[in-house]
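A.B. asks: Have a look at this one before I ask anything.
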Amino acid sequence: MPAATQHLTATPADIDRAAALLRDGELVSFPTETVYGLGADARKGESVAAIYEAKGRPSFNPLIVHLAEVSIAKTYVDWSDTADQLAHSFWPGPLTLVLPLRQGHSLSPLVTAGLPTVALRVPAHPTAQKLLATFGGPVAAPSANPSGRISPTTAQHVLSGLDGRIAAVVDDGPCNVGLESTIIGLQGDKAVLLRAGGLPSEEIEAVLGYSLALPETNSITAPGQLTSHYAPNGAVRLNATCAKKGELMLGFGPIKGVLNLSENGDLIEAAANLFGHLHQLDKMGGPIAVAPIPMHGLGRAINDRLNRAAAPRD
Ligand code: TXA
Ligand code: MG
């Protein structure tokens, strides 16, 4: 276990250093357009196991494998017309595809938690792209936060949760989407929504020409979608129109608060601010009340994360 976490930047020399650490089997956090990931070589069982240890994840949930290009994805999975359509429309970008693993693939079984499928993503963030291209292999990466806590959208968030537990963080400022990727699985050749996320489902539906079935109605499940997640220290109350005594209000649109997700009621801005604002309110301490967020566009993913932040905890 490394003593101190190296704080790297997005310079070519630091990207080389980060890639070398990954080759040595170490854990490196890096920015994507959604959230900061906690990366390890997806072919090395010990390195993947170290991700679970650093996060304090209670069980081996399957992880997303990050790749530099669409063409590489086809070497790991059985490709299909739907996969091709979605990959060409939305990769690189905030979309993850769960697809059947090909025989003879080189990924550690820990990455997929022994499932016959694997979650793949080609991120759009230029620094993630450079790191993946320089490393030259598949990188398994969950969000770089201790298990169950708020996801990180800055390198400071990563360090506040994992300093001393990981080899390095590549700091390239805040993530512009701010919510984890949308996860799509396949039932036959039909796409189903496994997790709402940074790519609005309406955009995916426009490409597919049909409505996505919701996770509850699927036979495929997204394991690891624990109910309580993204939890700040204080209790969270949703759909609040004003704060009760002692509560810190997180506003949206005209509903004012200590912080506002988007004064203009812009859901893209609200998504980008969500985790950062929760981190800030968490530092101030005390229970949090959150204004109602509409259920369209990125609002679906924002409400999903808020519901988990407000869920009863063990
Ligand atoms: O934006 C993101 O997706 C970020 C960045 C770092 O890429 N990553 C992320 O990873 O959110 P994580 O580990 O927090 O979430 C991965 C989720 C798992 O909880 C699980 O639900 C789903 O992906 N998943 C992974 N493999 C799967 C599989 N074979 N079948 C179904 N769901 C799977
Ligand atoms: Mg996560």
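A.B. asks: Please verify whether E216 is at pLDDT below 75, surrounded by fewer than 20 Cβ atoms within 10 Å (Cβ to Cβ), more than 16 Å from ligand 2 (Cβ to nearest atom) and outside any loop (DSSP other than H, G, I, E, B), treating the condition exactly as stated.
C.D. replies: yes
A.B. asks: Here are G161, G209, G148: which of them is free of Cβ contacts under 8 Å to residues at least 24 places away in the same chain, within 16 Å of ligand 2 (Cβ to nearest atom) and not polar (S, T, N, Q)?
C.D. replies: G161
A.B. asks: Any idea which of (1) assigned to a loop (DSSP other than H, G, I, E, B); (2) more than 25 Å from L21 (Cβ to Cβ); (3) within 16 Å of ligand 2 (Cβ to nearest atom) is the one V98 doesn't satisfy?
C.D. replies: For V98, the exception is condition (1).
The values are calculated or read from the model by the stated rules, or taken from the named source; none is laboratory data. The shown structure was predicted, so the numbers you read here are calculated from the model rather than taken from an experiment. Ideal geometry is used to build each Cβ from the backbone, glycine not excepted, and the neighbour counts take in all protein chains shown.
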